[in-house]
Amino acid sequence: MTKAASSRPRRARVFARLVVLGALLFGARRWLVPADAERRSVVVRVEEGASPAQIDAAIETAILLDVAKRERWARSDAVVRERMLRGVGVIEDVSTGVNAAVDRGIALGLHESDNIARERLLSNARRELAREPGGSSPSDDETASYVRANEARYRAPSRTRFQQIFLSAQKRGASLEGDAAKLEAALGRDPQSAISMSDPWPWTDSKIPYTRARLDAVAGEGFGAAVEAAPVGAWTGPIRSSFGIHFVRVDDRVEAQSPPLAAVIERARAELESESRKRRFEVEMRRLRARYDVTLETRR
């Protein structure tokens with residue numbers, strides 16, 4: 001709520017283990033969704049004119065820092081502990097003990113004003129919310145299904161090997177268009193002699209096949225698509241780039257193809273885990289936020 005803003009005994013043993021495991025997981029993550037009696041309140045300060053996305057981010061940060069404070073993670077995180085001790089030591093005597101001094105630093109709000117401590121605690125909270133209960137990774141079958149569902153992502157892109165004749169806009173200036181017309185006519189009569197009209201071009205090699213993305217990175221957006229669309233064995237042009245005008249002759253093209261599963265399974269497993277962590281975080285954050293009363297204060 002926001003203000004202002006095989007056998008029966010064997011089956012029984014298996015069931016019992018599952019019950020215990022569930023209880024342990026619930027106990028380990030009970031702070032994610034406190035009971036009604038444990039409702040929390042946070043005050044969130046935002047700049048005047050803050051967008052809804054900025055307000056949501058500020059509320060999320062405040063709740064996660066409150067979780068870190070309630071769980072006393074500052075005591076167990078060596079970096080945060082050191083930052084709190086250093087901050088409190090500037091203000092007052094810390095001889096009462098490490099934990100007491102760390103708690104004092106939290107009470108003074110040093111975990112919010114110290115950027116390093118703040119980001120450490122937020123990272124710990126986000127990681128805990130996104131954590132897979134039991135720590136299991138996706139199976140090979142699950143990962144293979146994920147690869148099939150996202151086939152385009154893992155497909156090796158097509159590659160094109162080509163020759164070219166290049167006319168430099170910088171070198172030719174106002175004569176560029178006229179020179180391009182002459183070159184096009186020369187290609188129709190005697191392609192071999194027309195090649196001698198090319199200006200130097202050091203950024204691609206006719207012995208190397210290139211992807212569309214690589215050609216776009218070299219010569220500007222659209223150049224890769226134009227080369228990819230050119231027929232094999234014939235001169236095509238003019239093709240414009242950020243450097244000038246090109247006529248290209250495609251010598252060879254390897255079409256896009258799906259690699260063997262073994263070649264991408266570990267990458268896919270990592271990406272599937274990442275997506276799963278993101279979804280778990282979003283779900284758990286919504287459940288956690290529902291147990292907080294939030295008061296918004298505007299800073300002018």
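At-a-glance table
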quantity: Condition check for G105: of a type in the set (G, A, S) and either at pLDDT below 85 or within 13 Å of T61 (Cα to Cα) (or both); calculated: no
quantity: Only one of L121, L215 that is in the same structural domain as A74 (by TED's automatic domain parsing) and surrounded by 18 or more Cβ atoms within 10 Å (Cβ to Cβ); calculated: L121
quantity: Single unsatisfied condition, R172 versus (1) assigned by TED's automatic domain parsing to the domain that holds S76; (2) surrounded by 13 or more Cβ atoms within 10 Å (Cβ to Cβ); calculated: (1)
quantity: Subset tally (residues that are assigned to a helix (DSSP H, G or I), under 25 Å from Q170 (Cα atoms) and of a type outside the set (G, A, S)) for region 188-232; calculated: 11
quantity: Single condition S206 does not satisfy, out of (1) under 30 Å from the mean Cα position of the chain (by Cα); (2) modelled with pLDDT under 95; (3) under 16 Å from V254 (Cβ atoms); calculated: (1)
quantity: Unmet requirement for S113, which otherwise passes all of (1) surrounded by 16 or more Cβ atoms within 10 Å (Cβ to Cβ); (2) of a type in the set (S, T, Y); (3) over 23 Å from the mean Cα position of the chain (by Cα); calculated: (1)
quantity: Region 244-270: number of residues that are within 30 Å of L183 (Cβ to Cβ), hydrophobic (A, V, I, L, M, F, W, C) and either part of a helix (DSSP H, G or I) or in contact with a Leu (Cβ under 9 Å, 6 or more places away or on another chain) (or both); calculated: 2
quantity: Any chance S41 is surrounded by fewer than 12 Cβ atoms within 10 Å (Cβ to Cβ) and more than 30 Å from the chain's Cα centre (by Cα); calculated: yes
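The values are calculated or read from the model by the stated rules, or taken from the named source; none is laboratory data. All of these numbers come straight from a predicted model, not from anything done at the bench. Don't worry about glycine lacking a Cβ; one is built from the backbone with ideal geometry, like all the others, and counts go over all protein chains shown.
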